[in-house]
Every structure is written in C-alpha cells, then in structure tokens.
Number of protein chains: 2
Amino acid sequence: MAKVDTSLVAHLPLFTGVKPEDLEEILREARSARYPKNTAIFEQGADAQSFFLLLHGHVRAAKTTPTGEQIVVRYVAPGETFGLAMAIGAARYPATAMAVDDSVVLIWPNSAWPRLIERFPSLAANTLQTVGARLQESHTRILEMSTQQVEQRVAHVLLRLAKQSGKKSDHGIEIDFPISRQDIAQMTGTTLHTVSRILSGWESQGLVESGRQRIILRDPHRIVVLAERTADSGPA
Amino acid sequence: MAKVDTSLVAHLPLFTGVKPEDLEEILREARSARYPKNTAIFEQGADAQSFFLLLHGHVRAAKTTPTGEQIVVRYVAPGETFGLAMAIGAARYPATAMAVDDSVVLIWPNSAWPRLIERFPSLAANTLQTVGARLQESHTRILEMSTQQVEQRVAHVLLRLAKQSGKKSDHGIEIDFPISRQDIAQMTGTTLHTVSRILSGWESQGLVESGRQRIILRDPHRIVVLAERTADSGPA
DNA sequence: GCCCGGTTTTGCGCTATCGCAAACTGCAAG
DNA sequence: CTTGCAGTTTGCGATAGCGCAAAACCGGGC
C-alpha cells in the first residue's frame, strides 16, 4: 500500500487544527483503494466497517426505498468524507456509495474512530461542522422541494453541481463527471422525462448544452435568474 | 438564577459519558429561561449567540424563504438540544425557534462551546451523533417527499409526532402540543387545504379524531398501513 | 464499420394536488 | 353572553407534472 503524502490532504477541512506530525499518524491508520467507474464502494444496509475520504474521482451516495425508488443524497467531491456511519452512531450504511468515475479513496476502519477523536479532538469538531453543513443543505433541499417547482429545483441543482464540480470550458461550465437525466431527477424529486423536457427547453434557448451524461452551463447567469424566479414572476 | 438539578438532565443523550461532577460544571455555565407559548426564542438570520437545551414544553424550528413561505424543520421535544449554530459552524441561526407551548430551556453562551468540548470531548461526540441522526431524518424526509404522495407523507409525519410526543389518551394517542393543519402542511410539503381534506377523510373512517390544533390517532395501526401503502397497492 | 444497450427525446392523456374563494366553527378575551 | 378571529372545512376549476409508450440517438465494444 502506497504511503499517502500528507501535503495532499493537510489543507482539507477535516484536518484543520491538526498538527502535521499528528496528521501523519492519522494517515498511517488508513489504507487507500481504487474503485473503477460504476463500482459500488458500500451498499445501503450493509454493516458499516469503514469510513472514507475521497481523493480523486466522484462518488454518488444514493438511498433506495423498499419499493426500489432511489434518490441521490449527494455527489461526493474530492476532499470530502463519506460513509461516516460510525461517527453519527449508525451501525449500517444508510445509503449506497458508487464511484461514478474512476476514484481513489482513503479508508479507515471504524475501529480507529474512537481512538482518533480521543487523541485528536479537532477531528470530531471538524466532522461536526461538515455534518452540520450537510444538515443545512438537506434543510435547504427540503425547503426547495416544498416551495419551488421542478424547473427551479433543477436550476438550483445544476448551479450547485457546477459550483461543486464545475470545470470551466470554452464559454461555459461543464459538470465534470458523468450525470444522467435520471440522476438529476433523483436529486430534485421528479422524473427523468420532466428533466429531459426542461433541459431540451433550455438548450433551445442557449442556456445549456447537453448530451449523454454530460451537461454544460452556457449561461449560468440566466440560469440563476430562472432558479430564483417565483412561480408567478415569469415572463409575459 | 435557579440552579439546575443535575439528576434531571444526567440521563440525556447529550451527557452520556460525562461524569456527574463534570456535569455540574457544565450546567454552571448555563442559565435557564422560560418562554411563554407563541414567543420566539431566536429568529432565522439573527446572530447566533447561544445554544439551547429544552427542559419543558415544545419548540418549533421553522425556515422561511425570501418570499415568505415556511417549512417546519422539526419539533423539539424536551431533552433535545437546538440552536446549535456555533457547533456546526454557522454564524447565524438558519431557522426560527418558537415556543409552541410554555417552555423552559437551558441556555449556554456560544463562547462556552469551544471550552466545553475541549474539556469534555464526549459532548462533541454526542452532539455529532444527534446531528447525524437529524441528518438521516432529513434524508428520509427528502426520500418521502420524492417518492410518496401527500396522504402517505401526512401519515408518516403523524406517526413520527406520535412517537416523539404522543400522550396515550383513552383509546388513542394524542399529540401533546398544539399543532395546526398549516403546521402539518409545512412538514409534508403541501397545503393546509389538502391536509384538512385528508384528516377529514380519516376522521370519517375513525382513524383519527381532531380539532383545533389537536390531533388524536384513534387507530395508529391502520395509519401505519396507510403510510406504507404504495401508490398502486390501494383498495379496490 | 456495425451492432447493441443504455440514454434521451417527445407525444398524449390523466390525475393528484394546488389555488382561490367562501362559509363555518370553536376558543378566548372582554 | 357576545363578539372577534384564528383555524378549519369544503367546493370547484386549473395545471404542473406524472406515467406510459414509442421512437430516436449515441457511444463503445467487437
């Protein structure tokens, strides 16, 4: 197992307030692994045995109902942790994690967690902050689902993805991992059909350019306007 | 300021792993306050200066959009913390907290938080667990909003409220704080009209008994069935 | 270069739910 | 007891978005 260079991860929010020599000790407890595109990292309901830090790639966390419907909880970007079941007191993973691109992760055994937070309390504090931030995002998402219509929600999601994982390309921002209409539907509480219609509409207005699992925001500013538009404040 | 009896709070999840003498020290930093029914404890967007532990009563946390729509984030039951902005790294309260019943709370100044978690790391760990639990509940709520129809969502919410704050009465479980149709609408992402229609329907089937800000589940079991029913698995 | 399967597009009817409006009700204050 | 008002009920028309079905499309694998 290759040793992880501390300089690659030292600046991450998770490690703020951790001394370099401590960081090294923390990293010694982890191993790294590579997951090819479209492989599962863990499954919803499985015994939680590890927690993860994404180094490269992108991971989709999705939750499935007993009847098979899915929602995308979030996309994990490099530098973010995921699978923190142990930290939040869950014995099993509440969602499925899947690499949507070739991905590299650091993996700590759950058994290391209690020891780590005892020796390095900043870890607990930092984790609390990131989990808190996710909680707020969830609340925002609930608020949006309750008060906005589908088009605005899709606009918000695309803007959020662009901010989190946008790659500036010629005349636009491209979401730099493969994402389908279906995925967006599962992030906004709608169907892939409706998402497709909306994107088609936007494409014909030059707002976006999109194709197979690929979306480029050509005119982010006008999309922001769309996102913020109230139901009744539309055009003539 | 009256001194708080440690025995009243020692068993709370927040304080698991805290030694009795430490608990006393923690409580010394708090003051207690009483909020009459329908008074605000803090407002969304205000500078977060304190965090809270509810001792008696019930508190509604609600989030408002720029355009005035509201959702109920959650109802706080006695023994639960709220207003943890500082802990999760927010400078302002992300929601408004309102006493829905005469309520008594413990209040710590935010400035005490860093010191407390340094001296008593279990506090951070415990808080992480409760925030994590709330995050999972939020995800469940998003899942429900995405995949279920309104009637099922209302059923789920009532069952959740009954479990959290249900008082067994003659032949049923009564939600033991005032809650309006509007509140339920704001918890389920619908309108008070639709909630009213649903409850009327249930009432005529003997599932619930309800009135002005008051709901009694007469037949929880059948409500569970409703909650779990798939869109197409209905009766003839 | 061709074929296959997953993805996307689009049409069309349907319906759950909204939105508005109006009437009703019961608690609480005076 | 009366009155006022917040909360609730109910009717009715409007519609956003779903669900199903079919066709078109695209990219990668062989």
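Of everything in the stretch B:51-78, what is open to solvent by less than 20 Å² (accessible area, probe 1.4 Å) and more than 14 Å from chain A (Cβ to nearest Cβ)? Give them in sequence order.
B:PHE52, B:LEU53, B:LEU54, B:GLY57, B:HIS58, B:VAL59, B:TYR75, B:VAL76, B:ALA77
For the stretch A:101-144, what are the residues that are within 22 Å of B:MET86 (Cβ to Cβ) and of a type in the set (Ser, Thr, Tyr)?
Across the stretch A:101-144, the qualifying residues are A:SER122, A:THR127, A:THR130, A:SER138, A:THR140.
Spot the failing condition for A:SER32; the list is (1) away from every other protein chain (no Cβ under 14 Å); (2) open to solvent by 20 Å² or more (accessible area, probe 1.4 Å); (3) under 27 Å from A:ARG214 (Cα atoms); (4) not in a loop (DSSP other than H, G, I, E, B), and only one is missed.
The one condition A:SER32 does not meet is (3).
How many residues does the stretch B:111-134 hold that are at the interface with chain A (Cβ under 8 Å from one of its Cβ atoms) and either assigned to a loop (DSSP other than H, G, I, E, B) or touching a residue at least 60 places away in the same chain (Cβ under 8 Å) (or both)?
Total satisfying the criteria: 4.
Do you know which of the residues in the stretch B:187-210 that are among the polar types (S, T, N, Q) and over 29 Å from A:HIS139 (Cα atoms) is surrounded by the fewest Cβ atoms within 10 Å (Cβ to Cβ)?
Here the answer is B:SER204.
Sort out which residues of the stretch A:139-155 are buried (at least 22 other Cβ atoms within 10 Å of the Cβ) and more than 14 Å from chain B (Cβ to nearest Cβ), and write them in order of number.
A:ALA155
Working carefully through the options A:SER165, A:SER103, find the one that is over 22 Å from A:GLY189 (Cα atoms), away from chain B (no Cβ under 14 Å) and touching a strand residue (DSSP E or B) at 6+ places or on another chain (Cβ under 8 Å).
A:SER103
Conditions (1) away from DNA strand D (no atom under 15 Å from the Cβ); (2) within 11 Å of chain B (Cβ to nearest Cβ); (3) open to solvent by 50 Å² or more (accessible area, probe 1.4 Å), marked per residue:
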{"residue": "A:GLU137", "(1), (2), (3)": "yes, yes, yes"}
{"residue": "A:ASP170", "(1), (2), (3)": "yes, no, yes"}
{"residue": "A:ALA185", "(1), (2), (3)": "no, yes, no"}
{"residue": "A:ARG212", "(1), (2), (3)": "no, no, yes"}
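For the stretch A:138-236, which fully contained helices (runs of 4 or more DSSP H) count at least 1 residues that are under 16 Å from the mean Cα position of the chain (by Cα)?
The qualifying helices (runs of 4 or more DSSP H) are A:150-165, A:181-188.
Got a sec? Which of A:GLY89, A:GLY45, A:GLY68 is more than 25 Å from A:SER122 (Cα to Cα), without any contact (Cβ under 8 Å) to a residue 12 or more places away in the chain and part of a loop (DSSP other than H, G, I, E, B)?
Answer to the selection: A:GLY68.
Please enumerate the residues belonging to the stretch A:187-200 that are more than 14 Å from chain B (Cβ to nearest Cβ) and either touching a residue at least 60 places away in the same chain (Cβ under 8 Å) or within 11 Å of DNA strand D (Cβ to nearest atom) (or both).
A:HIS193, A:SER196, A:ARG197, A:ILE198
For the stretch B:214-229, which residues satisfy the criterion of being within 14 Å of DNA strand D (Cβ to nearest atom) and under 22 Å from A:SER146 (Cβ atoms)?
B:ILE215
Can you tell me which condition B:ARG218 does not meet? The list is (1) buried (at least 18 other Cβ atoms within 10 Å of the Cβ); (2) assigned by TED's automatic domain parsing to the domain that holds B:HIS11; (3) among the charged types (D, E, K, R), and all the others hold.
All conditions are met except number (2).
Residue-by-condition table, conditions (1) at pLDDT below 95; (2) touching a Cys at 6+ places or on another chain (Cβ under 9 Å); (3) more than 19 Å from B:LEU12 (Cβ to Cβ):
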| residue | (1), (2), (3) |
| --- | --- |
| B:PRO94 | no, no, yes |
| B:ALA97 | no, no, no |
| B:VAL100 | no, no, yes |
| B:SER103 | no, no, no |
| B:TRP108 | no, no, no |
| B:SER111 | no, no, yes |
| B:GLU118 | yes, no, yes |
| B:ASN126 | no, no, no |
| B:THR130 | no, no, no |
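Quick test of your reading of the structure: B:LEU158 fulfils all but one of (1) buried (at least 17 other Cβ atoms within 10 Å of the Cβ); (2) within 16 Å of DNA strand C (Cβ to nearest atom); (3) assigned by TED's automatic domain parsing to the domain that holds B:PHE51. Name the failing condition by number.
Only one criterion in (1) buried (at least 17 other Cβ atoms within 10 Å of the Cβ); (2) within 16 Å of DNA strand C (Cβ to nearest atom); (3) assigned by TED's automatic domain parsing to the domain that holds B:PHE51 is unmet by B:LEU158, namely (3).
The values are calculated or read from the model by the stated rules, or taken from the named source; none is laboratory data. The structure displayed is predicted, hence computed values, not measured ones. Counting neighbours? That spans all protein chains shown, and the Cβs are built from the backbone with ideal geometry, glycine included. We work out accessible area using only protein heavy atoms, side chains counted, and drop any ligands, DNA or RNA first. Shrake-Rupley method; radii C 1.70, N 1.55, O 1.52, S 1.80 Å.
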